[in-house]
Amino acid sequence: MRTTTAWRSTGDGSVTLERVTIERRDLRDHDIALRVDYCGVCHSDLHRVKGMLKEGAIVPGHEFTGTVTAVGPAVTRFAPGDRVAVGTIVDSCGKCAMCEIGQENYCLEGPTSTYGAKDRVDGTKNQGGYSREFVVTERFAYHLPDGLDPAGAAPLLCAGITTWEPLRAAGVGKGTKVAVAGLGGLGHLGVKLAVALGAEVTVLSRTPDKAGDARALGACDLLVTTDEAQVAAARYRFDVILDTVPIEHDLTPYISMVALDGTLSILGYPLPDHGCDHGADARPQEAHRVRHRRHPADRRAAGVRRPAPGHRRHRGAAVQPRRGGAPPPGQQRRPLPLRPRPVRPRPARRLTTAVARTAWCAA
C-alpha cells in the first residue's frame, strides 16, 4: 500500500475536515496514480460530510484534475506527466449491456462512486479527491486538453456533465430556446454551455438582481418568475428548461412555459428523504423529466414554434395522469380544440411525466 495526505471529515455532523494520512492501493495492471492539483467543492460533498448518509468519516471530492505520476504495466492511454481529470465514477462491472455501450453510469450492477463506495476488487472504502494522490483505473480517467485551465475544469466533471447531458439529449443547438432556472453552480454552467451550443438562453429567477450576471454569461434575457405577467407572456415559450434550483419549489410556472414536446429537466430538486444507500451495490435514484404535450391546434393558436431540429423524444416508460375528475384547487380546466378526424376524435393529451434520467442519491 502507498500513503498520501488527505482531508477527512470528523463524522460528528459538522463540516470540519482534519488533515490525516490515508492509504492508497498499490497500482494494479490498468491503474494510474495521479497527483491531485485541483479539486472542486460540490454541494453533495457538504451533505455527505454533514452525515446525510450516516457513513461516518469520509474523504470527499469527486471532481478533480491532476498530473499522472505512475502507471500500471498494462496501461496504454496515459504516461507520467499527462494532465488528467477524474469525475464521479471510478469503476463499473465493464461487462453488462450498459457498460458495453459506454453508459457506465447506468451499469446494471451499479457504478462505483469516487468516494464512499466499496472497491470492486478488495472491498475497501473509496476515499475521494481531497487528497494529494489518487489511484484510479485508466478507463475512468480523462485527458485534460492543453488549452483548458485545470482549476476551472475540475467542476466540469460534476456540475458540467450534469447540465451538458440533458442539453445534448434534448438536441439543443442553434435557435433552440433554452431557459435555466437558478444561476448558481449548476445554473451558470448550464447558461454557458447552452450559449456555446448556439441556443437562445433566458435565465429564470425570482428577482431581477442577477440580470447583469446572466447577460455576462451570454444569456439574452432574465425572466422574473414572481412576476405573473412575465410568466403568462412566456407560456409555451421554451423548448428546454433546466431547473437547477436546489430547494423545494413550485414547478407549475416552469411547466406552463414548456413548448409542445419540450423538456423540463429537473436537476437540483432535493430528494424526499436522505435515507438512501450509496455505493457499488446501490441502485440509481430515479429523477424525472417532464414533457409538456398539447394538442397541435392549441399550440398553433398560441403561436408556439416547433422544438429545434434534432430534438429526441424520450424513449422511457411514460406514466399518464388520471383523466377526469375535478381540476386541482385554484385551477380551471380549459377545453382544448380537437383535430377533426373521420373516426372518434382523440382526446387532447395534457401532461406526460416520464422517467428520463438517473442520478445518484447524493448528487
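The values are calculated or read from the model by the stated rules, or taken from the named source; none is laboratory data. Just so we're clear, the structure is a prediction, and the values are computed from it rather than from any experiment. All Cβ positions, glycine included, derive from the backbone under ideal geometry; neighbour counts span all protein chains shown.
Structure notes:
- Qualifying residue in region 115-125 (condition: within 27 Å of Ser265 (Cβ to Cβ), crowded, with 19+ Cβ neighbours inside 10 Å and among the hydroxyl-bearing types (Ser, Thr, Tyr)): yes
- Thr176 meets each of the listed conditions (1) under 17 Å from Thr244 (Cα atoms); (2) touching an Asp or Glu at 6+ places or on another chain (Cβ under 6 Å) apart from (1).
- Search result, residues across region 231-246 that are β-branched (Val, Ile, Thr) and within 10 Å of Met257 (Cβ to Cβ): Val231, Ile241
- Filtered residue count, region 143-182, keeping only those that are without any contact (Cβ under 8 Å) to a residue 60 or more places away in the chain, surrounded by 16 or more Cβ atoms within 10 Å (Cβ to Cβ) and more than 12 Å from the chain's Cα centre (by Cα): 0
- Applying the criterion of at least 2 residues that are surrounded by 20 or more Cβ atoms within 10 Å (Cβ to Cβ) and touching a Pro at 6+ places or on another chain (Cβ under 8 Å) to the strands (runs of 3 or more DSSP E) found wholly in region 196-262 leaves 238-243.
- Residue match in region 37-57 (condition: in the same structural domain as Gly128 (by TED's automatic domain parsing), assigned to a loop (DSSP other than H, G, I, E, B), touching a residue at least 40 places away in the same chain (Cβ under 8 Å) and under 18 Å from Leu144 (Cβ atoms)): yes
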